[in-house]
Amino acid sequence: MKIQLTEEESEKIFHNSLCNGHQIAHYGLQMDYSEKEYEKAKKRLQKKGEDACLEDVWLEILKGGGTLTLVDEENGMDPSVITLKEVHERVQESPVRHLMDAINEQDDGDTADVILQSVFYQDVVFG
């Protein structure tokens, strides 16, 4: 089964996964980004009157043309860098069971973990 998502749907699922995917830290993974891009993204959200959390700013970095990098500090995998394009393309390539849970708002930390790995690594590598 192939699921086609709009860009907006992909962004919503990715954002939700960022918010719920704290499990990636247990694998020794850490999100890296440009501090300069972070500040610019945060200011853009504040200008819109949004009280932004960390995950909001991360998504705004991508929307502003920046990148996010997932760095493996324990297992020796190469850093994985994504742009908004990868979010749009790869969220819908997540394993169907987890993608359907996200779409139906029945997701949890495991769903978020799988979606984040699918976006960053195009595969479920950990867990």
Of the residues in the stretch 2-13, those that are surrounded by 13 or more Cβ atoms within 10 Å (Cβ to Cβ), more than 11 Å from the chain's Cα centre (by Cα) and charged (D, E, K, R) come to Glu7, Glu9
So is Glu35 closer than 16 Å to Asp113 by Cα, acidic (Asp, Glu) and at pLDDT 95 or above or not? no
Quick check on this structure: which one of Leu29, Leu59 is hydrophobic (A, V, I, L, M, F, W, C) and closer than 19 Å to Ser10 by Cα? Leu59
Out of curiosity, is Ile3 hydrophobic (A, V, I, L, M, F, W, C), closer than 26 Å to Val125 by Cβ and in a helix (DSSP H, G or I)? no
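The values are calculated or read from the model by the stated rules, or taken from the named source; none is laboratory data. This structure is a prediction, so every number in the text was calculated from the model and none was measured. Neighbour counts run over all protein chains shown; Cβ positions are idealised from the backbone, glycine included.
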